[in-house]
1. For the chain, modelled as a Gaussian network with Cα springs under 10 Å, which listed residue fluctuates most, Met210, Met88, Met303?
2. When DSSP beta bridges are limited to those with both residues in the chain, what percentage is antiparallel, rounded to the nearest 5?
3. Once the Cα atoms of helix 245-254 and of the chain are each reduced to a long axis, what angle between those two axes, in degrees from 0 to 90 to the nearest 10, is obtained?
4. Would you count, across the stretch 14-264, every pair of lysines whose alpha carbons are under 22 angstrom apart, provided the pair is eight or more residues apart or spans two chains?
5. Taking the simple approach of a point 7 Å from Cα along Cα-to-Cβ for both Val310 and Arg164, what is their distance in nm?
6. Under the rule of -39500 (n - 2.57) per DSSP H run of 4 or more residues, summed and divided by the residues of the chain, what mean residue ellipticity at 222 nm is obtained, to the nearest 500 deg cm²/dmol?
7. Could you list which residues have their amide H under 5 Å from that of Ile129, counting only those 5 or more apart in sequence or on another chain, with H placed in the peptide plane?
8. Among Ala65, Ala207, Ala99, determine the one that fluctuates most according to a GNM of the chain built with springs between C-alpha atoms less than 10 Å apart.
Amino acid sequence: MSMPYVPPPPPDDEQSIFAHHQTGVNFHKYDEHFVQVSGPDPPNAIASFEDIDMNSLLAVNISKAGYFKPTPVQRYSIPIILAGRDLMACSQTGSGKTAAFLVPIVAQMMRDGVTATISKEQQEPECIIVAPTRELINQIFLEARKFVFGTGIRPVVVYGGTSRSHSIHQVMQGCSILCATLGRLLELIQNRTVGLQNVKYLVLDEADRMLDMGFSLDIKKLITFPDMPQKDKRQTVMFSATFPEEVQRLAGELLKTDVLFVVVGDMGGACCDVQQRILQVSQPLKTQKLIEILRITGDERTMVFVKTKVKADFIACFLCQLSIPATSIHG
Ligand code: AMP
């Protein structure tokens, strides 16, 4: 039997918490993105982080994180969430959407005086954030640690594929913001580690991807637990890169009728920073074509995406045999 995996804790000294990761090469281009807001009575966008009515500790944390100017999604979403409104936002990963919901939620939690309760039989987080993958939810958690630094608000991250007792232990040490993937979250609710009665903020990130991955029933389960506050008693924020019918239906179920809708750039459009070329190649000629392309790219680094783990391993081996240095990764 394999041992349950306990993820190593991330370093928690101040310098590591605020370590800056490099933003994408075209991060500044987001500034030019056109933003559309629809819905009743939207608040004005902010021009700078100084326009936010927030505790000075949060302001210091934002600047320690290296954020000096809000991105478009932040300019519009932060005042909407601060005004207590529900939000549906379409924005790409990399646009600064994580801080767009974390900053106003943390600002409101600090205003209302939230701290994590230790020594309770059950933890009742005020904020629950769900995302489709372990990588994404962990990234959200690492961002949350920056904004709550020194505030007494305790974020916790839990996800599947790791030791359940480790997740429980993390939560029981105190939890005011719970970042979770859906499966593990439902387990913790069902075994009464987590109670929902205090949920004031519910965030669903990458909602379209969650539905694509088959989490529709799990989302329903989450919002229909008897102790989950009704939608008029909580604030719900949804992010999605695309807005197909299923996402619209989910938004209709989860969000209040006076929801505000923010769209940054072209919704669901292909990324315009990347030139895309499509070559139609028959199955037996694919490998040959790949080698041809790689010979032309020379020392440029290349990523090759395939459908299966076996194929990834096979191609990596095959390329190495041809002295094209390659490696493979997969789940
Ligand atoms: P996200 O879209 O939330 O994944 O953010 C993409 C990256 O941009 C992350 O590394 C953030 O830390 C960074 N970031 C987000 N907002 C800002 C900002 N206003 N100024 C500088 N960096 C930011």
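Each value in this text was obtained by applying a stated rule to the coordinates, not by laboratory testing. Values in this document were obtained by computation on a predicted structure and should not be read as measured data. FYI the Cβ positions are ideal-geometry reconstructions off the backbone, even for glycines, and counts take in every protein chain you see.
1. Met303
2. 15 percent
3. Value to nearest ten degrees: 20.
4. Summing the qualifying lysine pairs gives 24.
5. 3.2 nm
6. Calculated at 222 nm, the ellipticity per residue is -11000 deg cm²/dmol.
7. Leu178, Cys179, Ala180, Val203
8. Maximum fluctuation in the GNM of the chain, among the listed residues, is at Ala65.
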